[in-house]
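Visitor: Questions regarding the structure given below will be posed in turn.
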Amino acid sequence: MKISTPLTIIFLFTGILLFSQDKSDNREDKLFKNMAETICPCFDQDEGSGAYEDDLLNFCFAVGFGDHEKQLIKVFGKDYESQMDYIIRKLMGTMAVYCPEVIRRIGKGNEGASESDETNLALLNSALASGDYPSAVKYGELALEEMEVLFGKESGNYINTLLKVSIACKKASMYDKSVSLLKECEMLLEKAKIPKTETQLFVYMTLADAYEEAGEYGVSGEYYKKSLSYYHQYLSGNEQLYLILLNNLGKYYIVQEQFAEGVKYLEDALQLYNSPEFNGDARMYVAILSQLSGGYVGSGAYEKAEKATDEILKIVDQVYETGHPDYVTIIKNAAATLVDVGKYQKAEPLYFEALKIIEEKLGKSNVAYAKLTNNIGSLYSRTGQYKKALEFYEVALQKRKDILGDDHLMVASTLSSIAGVHQELGLYRETEDLYNQAREIIIKKIGKESPSYINVQINLGELFSETINFEKAKKYLEEATQISRDFFGSDSRNHASASYALGDLYINLGSYDKAEELITRALEIIEPIVGKGHPTYSNYLGNLAALYKTMGLYEKSEELQLETIALRSTSEGVEHPNYASALGDLAILYEVLGKYEESDSLFTLSRQIKIRSLGENYPGLAKDFNNHAYLYKAIGEYDKAEKLFLEGLELVEENLGKEHP
């Protein structure tokens, strides 16, 4: 599950970045910091006018120079006045860091001085804090030029500013530029002879996050390891920093689908935040809960996920202004969690609230807008609203092509999503074409030895199985199985997925022993990875139960069906559509066993749950109407059977059209 990172996670403690140069032992930096701390309060004598007489300006600077003359001589020699141009420039630059409001007011009170020239660093900080990332990039680039002139590229001031500009670029969707600036940060930190400070840690963490978003998880992982090592070596004891690091590590492992590890880091972060001696920021609390809810979904703890999300939604508008980018990120993540736990009606308004804010703040031509329209498409696809799903997927596809290029992996992802909708609509030629387009992009960008390639091979295999082209299906699924085993290991999640899909094909081929072997193996692989409570485990178990029913092993089938229902009720809840489907599967088995009353009750309950969660027009209900109708036909209640057959037919015609297979 893909989770977005709020700016809070990387940049919550702005003061840490702003003042990390305080710890420098450089004599010049210390001198100018001390002078700034003397001069800046002096100007508070005249807060109201907004402009300064020459005598006040001269007086304040005279105080600063007079109080620190001995240090000036120590640093620059007795003839320090001969270097006054340099000293004044560097002093003004230091004041721009520590008291930018004074520099702004000096600029206003001096004819010909440019306010923007003097306050670019302050404007950068303000734009970052307010979420105006394009402006932050603009002011940051100007501030960088000033920091280079005043302090040089190897100074803490320059490197700090560079880090902020890289973060602004990342949040403004300028990913390549962000990574380039971060690499420059890293190079300068290694080259500069300055003490180890928080800045280095933020560079490593931000690089890790940037590479993670680009899908380069190996590189990202190395930077997270470097971050953790650096913290323990140089910054151990700084609990605020440790909290951010724990949260970032948790998110990284969740994106990697190592949910147990991710949840562990995030629960440690939450425990630290809630400790009595910790003085935490509420924004960080919301951010941790947001990541943790995704981890709970991934590990199958749906009740915990929904509880965490409800807590977020209670307080998020008290923590952030409604239009703030982090507010948008948090409610998007909350909506995604609600979709996963089957609370579609709660998720939909959150998605549209986020979409409205993004459109108002950034317009439609940005990565965030494209991603959110893709998420809304996924919501409508899950609820069977296929026309709406295609509408939003098509917008996402075009935006991603325009912004990222035709051959980006995100384009491939959306193509696969559109293909899935076309498959539901019975448009098999279009489905095959779209999957192949996605496949070509994946091969070009990351090759065949990748989870994305394995997934698209499985999708094509399942498509050909559905269209009775079993030989072709077997070719694609066997390749997926081989690649997953050879490159990710026989105990990997990728291999479990491929083995399960191949086993499903063998059911259609009538090779039941082979199907049982593959599905059982998939269960053995997946259990230690995600646990029995995860929906994937329940999916595999339910299909094995269906296989046993087909083989006539009814006792085994019933045992596994009941286990599946119990697992789904615990992890996903009794109002989730997956729980309803498990009840429907048991109803079919009981019909075969002649338990007609139990079967009738289960069919009815299953359909009621789906209507509550997915709505009365959900196309998948047609299959449920059909199955229930066959039960009534079998027991001679033909009027009831006819009514249900007609209701199912009406749903198909309304949602899928009369041409649907």
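The values are calculated or read from the model by the stated rules, or taken from the named source; none is laboratory data. It should be emphasised that the depicted structure is a prediction, and the values quoted were computed from it without experimental measurement. Neighbour counts run over all protein chains shown; Cβ positions are idealised from the backbone, glycine included. Only protein heavy atoms, including side chains, enter the accessible area calculation; ligands, DNA and RNA are left aside. Shrake-Rupley method; radii C 1.70, N 1.55, O 1.52, S 1.80 Å.
Visitor: How many residues, within segment 202-220, are small (Gly, Ala, Ser) and open to solvent by less than 10 Å² (accessible area, probe 1.4 Å)?
Guide: Qualifying residue count for the region: 2.
Visitor: Confirm whether residue 230 is over 18 Å from the mean Cα position of the chain (by Cα), surrounded by 22 or more Cβ atoms within 10 Å (Cβ to Cβ) and of a type in the set (Phe, Trp, Tyr).
Guide: no
Visitor: To continue, here is another question. Considering only residues that are open to solvent by 70 Å² or more (accessible area, probe 1.4 Å) and among the polar types (S, T, N, Q), which ones fall in segment 311-369?
Guide: Correct list: 318, 322, 345, 365.
Visitor: Report yes if residue 424 is open to solvent by 30 Å² or more (accessible area, probe 1.4 Å), in contact (Cβ under 8 Å) with a residue 60 or more places away in the chain and more than 19 Å from the chain's Cα centre (by Cα), otherwise no.
Guide: Spelling it out, residue 424 is indeed open to solvent by 30 Å² or more (accessible area, probe 1.4 Å), in contact (Cβ under 8 Å) with a residue 60 or more places away in the chain and more than 19 Å from the chain's Cα centre (by Cα).
Visitor: Restricting to segment 153-175, give me the number of residues that are open to solvent by less than 20 Å² (accessible area, probe 1.4 Å) and outside any helix (DSSP H, G or I).
Guide: Matching residues across segment 153-175 total 1.
Visitor: With the checklist (1) under 20 Å from the mean Cα position of the chain (by Cα); (2) without any contact (Cβ under 8 Å) to a residue 60 or more places away in the chain; (3) open to solvent by 10 Å² or more (accessible area, probe 1.4 Å) in hand, flag the one item residue 280 doesn't pass.
Guide: All conditions are met except number (1).
Visitor: Take the residues of segment 79-106 that are modelled with pLDDT of 70 or more and over 20 Å from residue 30 (Cβ atoms): which is most open to solvent (accessible area, probe 1.4 Å)?
Guide: 81
Visitor: What pairs can you find where one residue is in segment 163-180 and within 20 Å of residue 400 (Cα to Cα), the other is of a type outside the set (Ser, Thr, Tyr) and in a loop (DSSP other than H, G, I, E, B), and their Cβ atoms are less than 6 Å apart, with a gap of 6+ or different chains?
Guide: 173/366
Visitor: On to the next question. For the condition charged (D, E, K, R), buried (at least 16 other Cβ atoms within 10 Å of the Cβ) and at pLDDT 95 or above, what is the one hit in 598, 647, 558, 572?
Guide: Selected residue: 558, the only one of 598, 647, 558, 572 that is charged (D, E, K, R), buried (at least 16 other Cβ atoms within 10 Å of the Cβ) and at pLDDT 95 or above.
Visitor: Name the pairs: first residue in segment 477-490 and among the aromatic types (Phe, Trp, Tyr), second residue modelled with pLDDT under 95, Cβ to Cβ under 6 Å, at least 6 apart or on different chains?
Guide: Partner pairs satisfying both residue conditions: 487/449; 488/494.
Visitor: Between 116, 135, 126, which is at pLDDT 85 or above and farther than 25 Å from residue 28 by Cβ?
Guide: 135
Visitor: What's the number of the only condition in (1) of a type in the set (Lys, Arg); (2) within 16 Å of the chain's Cα centre (by Cα); (3) over 21 Å from residue 291 (Cβ atoms) that residue 164 fails to meet?
Guide: Single failed check for residue 164: (2).
Visitor: Going by the structure shown, is residue 648 in contact (Cβ under 8 Å) with a residue 60 or more places away in the chain and of a type outside the set (A, V, I, L, M, F, W, C)?
Guide: When the stated conditions are applied, residue 648 does not pass them.
Visitor: Identify, by number, the condition in (1) surrounded by fewer than 20 Cβ atoms within 10 Å (Cβ to Cβ); (2) within 24 Å of residue 624 (Cβ to Cβ); (3) not polar (S, T, N, Q) that residue 541 doesn't meet.
Guide: Result: residue 541 passes all but (1).
Visitor: Could you say whether any residue in segment 292-306 is within 18 Å of the chain's Cα centre (by Cα), over 22 Å from residue 579 (Cβ atoms) and open to solvent by 10 Å² or more (accessible area, probe 1.4 Å)?
Guide: Scanning segment 292-306 turns up no residue that is within 18 Å of the chain's Cα centre (by Cα), over 22 Å from residue 579 (Cβ atoms) and open to solvent by 10 Å² or more (accessible area, probe 1.4 Å).
Visitor: Here's a follow-up. When both residues are 6+ apart or on different chains and their Cβ atoms are under 7 Å apart, which pairs have a first residue that lies in segment 59-85 and is touching a residue at least 40 places away in the same chain (Cβ under 8 Å) and under 20 Å from residue 95 (Cα atoms), and a second that is in a helix (DSSP H, G or I) and hydroxyl-bearing (Ser, Thr, Tyr)?
Guide: 72/80
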